[in-house]
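A.B. asks: Sending over a structure as structure tokens; questions will come in a sec.
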Amino acid sequence: MLYFRKMKSSHVIILVITILCMNNGVISSPPEDPVKCTSKNTNCTITNSIGIFPDRSICEAGEVKYPGTEEELISIVATATKNNRKMKAATRYSHSIPKLACPDGKDGLLISTNNLNKVLRVDAEARTITVESGVTLRQIIAEAAEAGLALPYTPYWWGITIGGLMATGAHGSTLWDKGSAVHEYATEIRIVSPSGPEDGYAKVRVLTESDDDNQHLNAVRVSLGVLGVISRVTLKLEPMFKRSVTYLTKDDNDLGEELIRFGREHEFADVTWYPSQKKAVYRIDDRVPLNTSGNGSYHFLPFRPTLSATLAVVRSTEEVQEQTGDANGKCLGAKLITTTLAGTGYGLTNNGVFLGYPIVGFSNRMQSSGTCLDSMNDNLITACPWDSRIKGEFYHQTAFSVPLSLLKDFIKDVQALVELEPKALCGLEINNGILMRYVTASSAHLGKTEDAVDFDITYYRSKDPLNPRLYEDIIEEIEQIGLFKYGGLPHWGKNRNVGFIGAISKYGNSDKFIKIKEEYDSRGLFSSEWTDQVLGLNKEGLTIVKEGCALEGLCICSEDSHCAPKKGYFCRPGRIYEQAKVCSNREDHDLQQSKDEL
């Protein structure tokens, strides 16, 4: 046991060396195309950025097309519609974890937006940018900056395309202005959908904020890809500005009370929570005058290219800790990793070095990162940490938003679980804890329904779907508390299957979205069995009931076989939320003792 604790310490030292190497010009292998075909552009498969969907299924498609213009896109959609062929849009890096890009059957058509990658216009006077749907967030930020403009609120990962971002409601963090979701700043969207012979089997709709009725625009803002293929988006920008960032670590005793105040006080605030360490890291991030001194930049360390050998050591160590039940090793590793990140400013620098806070820089250099995408191929000596071609990160991701009015109670519930099992969430902290970002009520029919905090939780996933995790029950209970006790809304681009159970009923305008979906694509050519299940149009199949299904989040357990009874994990009620059903290796008398203690 001691050996592997030492091993965990050594891998953090390797991580520090890796960080230094990355700052001195080491290049990285960019991710491969998520679409692979055995015969030119036919007989294809598509996956996501981590190389596997939540249900571990292989998604097949008959063909992939790569339109380079809106006219080519119209022609492709028209031909497929005439032939009654299923279609799905596919993006460059396929960062959505659920099966949103997977068409039904084996003959479906993938329409890749890789070549729809042009910035069409930056209008400095109107403060807008118009781009094709395959343009990445990084391109948008950079092109806007060239014109002295900024898109202020964005996700922190710049490797997503505007089309993929609009499909899932991706966001940054703020309670200010229109909120942190990029789709709120879309002033015009062009979308190509199926139609009848009177329109040549494809129709281009141009939706703008100036329309008398914004119902259609509000459907397309967060579309799940079921309304057609977005061809162009125009975004509202504002003059470039500078930001000042300071990270402040505090005890989490008053986290529930602090969260709302903090989000309202600081424009770009977020909080990272380490529950087992009982610490929270507050990102104090605000605008400052343009003449404020500073040449800061932000390249988040886990988004930089990382040595594949380092990643293999980290993964192997965690696998052994899981197999041996070494919670102490995980907690030690978590503290070393979080200390290392804090000591290096989380990737913030001024003139290339980190010497302390605050770090001041132009917004375009501070808001988003992802340098593991940008380089020439080095034969996988280095890679993005989650690249499926190497032995690297392999994880589940649970993400949901809890309304501000319920935040304090949710935080207390998680803290109560930590009091019962102090080491239970060290595994989350190895993945840099729980990221909490602020979101606001959205105009989109499938956007956030009220101001909330989004909880983003990344945690270990076994290569063997029948292997339970260390403290499996605690993470499952947190997931169910957030989603069901407090009615959390799932992030459409993340989550396991259980995250979408009953989700559509939480959206008051979902009926409007379904009505517009029927108008845009009455034959459901851009829909799939998966999206029909998520939208409540197909009541069967969202949960997949089979041996071990609860371990992978494919179901909520209702009997022991859904867990891993041969390995000592049985279906049990939650510790503090009795309505939860979780896979636990605790004895019944332990459960009763937990309730007595509470």
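A.B. asks: Mind grabbing the base-10 log of I(q)/I(0) for the stretch 279-436 at q = 0.08, 0.09, 0.18, 0.20 Å⁻¹? Debye formula, identical points on the C-alpha positions, no solvent, two decimal places.
C.D. replies: The Cα Debye sum returns log10 ratios of -0.31, -0.39, -1.29, -1.37.
A.B. asks: Taking only C-alpha pairs under 8 Å that are 6+ residues apart, what is the relative contact order of the chain in percent? Write out the running numbers ahead of the final one.
C.D. replies: Numbers: 1363 pairs, mean separation 98.2, N = 598.
Reported relative contact order: 16 percent.
A.B. asks: Relative to 2.2 N^0.38 Å, what does the C-alpha radius of gyration of the stretch 32-101 come to as a ratio? Two decimals please. Write down the numbers at each step before the final one.
C.D. replies: Values: Rg = 12.6 Å, N = 70, 2.2 N^0.38 = 11.1 Å.
It is 1.14.
A.B. asks: Ok, one more. Could you work out [θ]222 nm for the chain from helices alone, using -39500 (n - 2.57) per DSSP H run of at least four and dividing by all its residues? Round to the nearest 500 deg cm²/dmol. Walk me through the numbers on the way to the answer.
C.D. replies: Details: 14 runs with 157 residues, N = 598.
Mean residue ellipticity at 222 nm (helix-derived): -8000 deg cm²/dmol.
A.B. asks: Sequence gap at least 6, Cα distance under 8 Å: using those rules, report the relative contact order of the stretch 467-579 to the nearest whole percent. Could you put the intermediate results ahead of the total?
C.D. replies: Numbers: 103 pairs, mean separation 29.3, N = 113.
Relative contact order comes out at 26 percent.
A.B. asks: Equivalent ellipsoid semi-axes for the stretch 276-336, as square roots of 5 times the alpha carbon gyration tensor eigenvalues: give them largest first, rounded to whole Å.
C.D. replies: Numbers: eigenvalues 253, 65, 8 Å².
Those come to 36, 18, 6 Å.
A.B. asks: Which of the following values of mean projected area of the Cα convex hull in nm² was calculated from the structure shown: (1) 31.0; (2) 25.8; (3) 29.6?
C.D. replies: (2)
A.B. asks: I need the peptides 293-304, 263-274 ranked by packing, meaning the mean over residues of other C-beta atoms within 10 angstrom, with the highest value on top.
C.D. replies: Working: 293-304: 18.1, 263-274: 21.3.
Taking the mean over residues of other Cβ atoms within 10 Å, the ranking is 263-274, 293-304.
A.B. asks: Determine the order of SER388, SER276 by accessible area, beginning with the largest, at a probe radius of 1.4 Å.
C.D. replies: Numbers: SER388 65, SER276 25 Å².
From most exposed to least exposed: SER388, SER276.
A.B. asks: Next question. If you wrap a convex hull around the Cα atoms of the stretch 99-156, how much volume per residue is inside, in Å³? Write down the numbers at each step before the final one.
C.D. replies: Working: hull volume 6.2 nm³, N = 58.
Dividing the Cα hull volume of the stretch 99-156 by its residues yields 107 Å³.
A.B. asks: Which part of the stretch 339-363 falls in the paramagnetic zone of THR292, meaning amide N under 17 Å from the point 7 Å along Cα-to-beta-carbon?
C.D. replies: 348-351, 355-363
A.B. asks: In Å, what Rg and Dmax follow from the Cα atoms of the stretch 362-502?
C.D. replies: Taking only Cα atoms of the stretch 362-502, I get Rg and Dmax of 17.2, 50 Å.
A.B. asks: Can you list the equivalent-ellipsoid semi-axes of the stretch 317-371, largest first and in whole Å, using the square root of 5 times each Cα gyration tensor eigenvalue?
C.D. replies: On the way: eigenvalues 220, 33, 11 Å².
After diagonalising the Cα gyration tensor, the semi-axes are 33, 13, 7 Å.
A.B. asks: Counting Lys and Arg as +1 and Asp and Glu as -1, what is the net charge of the other residues whose Cβ lies under 11 Å from the Cβ of ASN43? If you can, show how the numbers build up before the last one.
C.D. replies: Working: positive: LYS36, LYS40, LYS106; negative: GLU60, GLU63, ASP107.
Computed value for this residue: 0.
A.B. asks: Further question: To the nearest whole percent, what portion of all C-alpha pairs in the stretch 137-247 is separated by more than 19 angstrom? All intermediate terms of the calculation are to be shown ahead of the outcome.
C.D. replies: On the way: 3009 of 6105 pairs.
So the pairs more than 19 Å apart make up 49 percent of the total in the stretch 137-247.
A.B. asks: May I pose another question? Output the peptides 466-472, 524-530 sorted from most to least packed, where packing is the average of other Cβ atoms within 10 Å over each peptide's residues.
C.D. replies: Values: 466-472: 19.9, 524-530: 22.4.
Ranked by mean Cβ neighbours within 10 Å, highest first: 524-530, 466-472.
A.B. asks: Can you sort ARG523, ARG138, ARG586 by solvent-accessible area, 1.4 Å probe, largest first? Display every interim value, and only then the final one.
C.D. replies: Working: ARG523 120, ARG138 95, ARG586 20 Å².
The most accessible residue leads, giving ARG523, ARG138, ARG586.
A.B. asks: So how compact is the stretch 402-450: Cα radius of gyration and Dmax in angstrom?
C.D. replies: 14.2, 41
A.B. asks: Output the Cα-based Rg and Dmax of the stretch 213-278 in Å, rounding Rg to one decimal and Dmax to a whole number.
C.D. replies: 19.0, 50
A.B. asks: How long are the three semi-axes of the equivalent ellipsoid for the stretch 234-357, computed from the Cα gyration tensor as the root of 5 times each eigenvalue, in whole Å, largest first? Spell out each step's value before the answer.
C.D. replies: Numbers: eigenvalues 200, 84, 36 Å².
The answer is 32, 20, 13 Å, longest axis first.
A.B. asks: How high is the relative contact order of the stretch 143-204, in percent, with contacts defined as C-alpha pairs under 8 Å that are six or more residues apart?
C.D. replies: Numbers: 56 pairs, mean separation 13.9, N = 62.
Computed value for the stretch 143-204: 22 percent relative contact order.
The values are calculated or read from the model by the stated rules, or taken from the named source; none is laboratory data. These numbers were taken from a predicted model, which means no experiment stands behind them. Positions of Cβ are generated from backbone atoms using ideal geometry, with glycine treated the same way; all protein chains shown enter the neighbour counts. Heads up: the accessible areas ignore ligands, DNA and RNA and are worked out on the full protein's heavy atoms, side chains in. Shrake-Rupley method; radii C 1.70, N 1.55, O 1.52, S 1.80 Å.
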